Amino acid sequence: MKDRLKSVHSRTVHGSSCNPASPSIKGSAEQTLPELLRRQKYQLVGNHSAVKKCRWLHKSLTEGRACYKSRFYGIESHRCLQMTPSVNWCTQRCLYCWRIQDGEAQPSSSGLKPSEWDDPSELVELSKAAQRRILSGYKGQAASGNVDLGHYREALEPKHAAISLTGEPTLYPYLDDLLGEFHRAGMTTFLVTNGTRPEVLKHLSEEPTQLYISVSAPSPERYMEICRPYSPDSWQRLMETIELLRSFSCPTAVRLTLVKGLNLQDHEGYARLILKAEPTYVEPKSYMYVGYSRRRLGFENMPTHLEVSEFSTRLARLTGYDVIDESTESRVVLLSRLGKPIRVT
């Protein structure tokens, strides 16, 4: 294992500055990063946010296929808006992350926070407008019949916000209000966080429709190797978040991103964390060999669905959770103590 980790880290570019202190994506003297994000089809929103088309939105419109979140939770893929309120800030530099990280672009993405944070209500409207710009490319296909016209019209009015995409959303100081604004707009929300800012989650007065916590290691040593946090107390902060999960009234999920050769073992360690958190769901999911993660990991680090399934079955036995669904294409398994997942409406 030490040799494998050494090999992984030999391919990793380490940054020296903290991403939470990165530049505003608007008005910065360093234009390389915004230009790069635009080339990657990000719709930059306001001073610090972004919207990006999920491939499942495309597949839903053009092929009638849906994301595993549709199968599990009832999310309509063509009406899902994928966004982030912190496009260029994170508290970790996970090896498996497909996003660009410090030191992987020239000039560096490090710098100062934006001088002004955008108003949550404006951010919701700007994000919906960005989604409509993305969807404008399907207008001709809808007119010609290649895309279902009804689905296209529905897509123009998103019903769900996946607050994930890139960066750490709890760094946005008005996250509570952002959730409220999405809900008042008639939308449901999935909030995905790495759990390193428990104080933000603890003081949320508006809960998301569903809360995801990413747990990518069963021990502090493995966590430091895989997640490479900027703060040395991040593991302790993640444990605080784990303890907090039971206090939420909304459904909660622990997402395990599994990387072959790094964290596809120590079932007992993961089981201890899950029993402490008591989430509604556990989602063991394969790392995907895409984006900038290919600079840090190899194709061989991507587990097969069979490997994810075998891992999940053993974890279920250790925790008393049941395997209640799975998606072979997305290499993800759903564990819960519920007979079936709660459908999001």
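The values are calculated or read from the model by the stated rules, or taken from the named source; none is laboratory data. Bear in mind the structure is a predicted one, so any value in this text is a computation, not a measurement. For neighbour counting, all protein chains shown are included, and Cβ atoms are generated from backbone atoms with ideal geometry for every residue, glycine included.
Structure data summary
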| read-out | value |
| --- | --- |
| Selection from region 58-92 of residues that are among the hydrophobic types (A, V, I, L, M, F, W, C) and over 16 Å from the mean Cα position of the chain (by Cα) | LEU61, ALA66, PHE72 |
| The one condition in (1) crowded, with 20+ Cβ neighbours inside 10 Å; (2) part of a helix (DSSP H, G or I); (3) at pLDDT below 50 that PRO23 fails to fulfil | (2) |
| Residue in region 299-319 that is nearest to CYS97 (Cα to Cα), counting only those that are in contact (Cβ under 8 Å) with a residue 40 or more places away in the chain and not in a helix (DSSP H, G or I) | MET302 |
| Residue within region 143-150 that is crowded, with 19+ Cβ neighbours inside 10 Å and modelled with pLDDT under 95 present | yes |
| Among (1) among the aliphatic types (A, V, I, L, M); (2) free of Cβ contacts under 8 Å to residues at least 60 places away in the same chain; (3) over 15 Å from ARG337 (Cα atoms), the one test that LEU275 misses | (3) |
| Residue selected from region 78-91 under the condition out of contact with any strand residue (DSSP E or B) (no Cβ under 9 Å at 6 or more places or on another chain) and modelled with pLDDT of 90 or more, by the criterion surrounded by the fewest Cβ atoms within 10 Å (Cβ to Cβ) | THR91 |
| Residue that is out of contact with any Ser or Thr (no Cβ under 6 Å at 6 or more places or on another chain), touching a residue at least 40 places away in the same chain (Cβ under 8 Å) and either more than 29 Å from CYS80 (Cβ to Cβ) or crowded, with 17+ Cβ neighbours inside 10 Å (or both), where the choices are GLU268, GLU181, GLU221 | GLU268 |
| Filter result (surrounded by fewer than 14 Cβ atoms within 10 Å (Cβ to Cβ) and either among the charged types (D, E, K, R) or at positive phi (or both)) within region 323-345 | GLU329, LYS340, ARG343 |
| Per-region count, region 243-265, residues within 16 Å of GLU283 (Cα to Cα) and either exposed (fewer than 15 other Cβ atoms within 10 Å of the Cβ) or within 18 Å of the chain's Cα centre (by Cα) (or both) | 10 |
| Conditions (1) in a helix (DSSP H, G or I); (2) touching a strand residue (DSSP E or B) at 6+ places or on another chain (Cβ under 7 Å): number failed by THR166 | (1) |
| Scope region 325-345; condition closer than 19 Å to ALA277 by Cα, over 19 Å from the mean Cα position of the chain (by Cα) and not in a loop (DSSP other than H, G, I, E, B); matching residues | SER336 |
| Members of region 245-281 that are in contact with a Leu (Cβ under 6 Å, 6 or more places away or on another chain), within 19 Å of PRO208 (Cβ to Cβ) and assigned to a helix (DSSP H, G or I) | ALA277 |
